[in-house]
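The values are calculated or read from the model by the stated rules, or taken from the named source; none is laboratory data. Since the model is a prediction, treat every value here as computed from it, not as a measurement. All Cβ positions, glycine included, derive from the backbone under ideal geometry; neighbour counts span all protein chains shown. Heavy atoms of the whole protein, side chains included, go into the accessibility calculation; ligands, DNA and RNA do not. Shrake-Rupley method; radii C 1.70, N 1.55, O 1.52, S 1.80 Å.
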Amino acid sequence: QVQPVESGGGLVQTGSSLRLSCAASGGSFSGYGIAWFRQGPGADREFVATVRATSQTYYADSVKGRFTISRANDKNTVYLQMDTLEPQDTAVYYCAVGRPILSAIQDPNMYYYWGQGTQVTVSS
């Protein structure tokens, strides 16, 4: 069983950048799709981005052009580079591991393993 562990969150100002990391603990990300979800105060958990086992990437419209997801297979780590951050990006960001079909990549129920989350706060 692979356990994802997130890091890299923090408090930044509007327009700043952050890079989140998701490292595999107790297993490997090999063969899995890795996704980032986020949950803001009082909101549902929402899909942000995913990198599939094939390395294809997909993004939510709200982050397209500002966020970049990538995977370093040799390090068993997935990154989320977040640029031009906005206050509405404020949320707890979660890393999730699974093998969803393409039409279900945005469904959190399709992911098997979840990290504990890392807080990102963007001040205006």
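Restricted to region 22-124, the set of strands (runs of 3 or more DSSP E) holding at least 1 residues that are open to solvent by 60 Å² or more (accessible area, probe 1.4 Å) and among the acidic types (Asp, Glu) comprises 46-51.
Just to be sure I understand, how many residues within region 1-21 are more than 15 Å from the chain's Cα centre (by Cα) and either part of a loop (DSSP other than H, G, I, E, B) or β-branched (Val, Ile, Thr) (or both)?
Result for region 1-21: 6.
Would you confirm, using the coordinates I've provided, whether residue 45 is more than 16 Å from residue 116 (Cβ to Cβ) and modelled with pLDDT of 95 or more? Answer is no for this residue.
Could you please find all residues in region 88-109 being of a type outside the set (Asp, Glu) and over 9 Å from residue 35 (Cβ atoms)?
Within region 88-109, 88, 90, 91, 92, 93, 99, 101, 102, 103, 104, 109 qualify.
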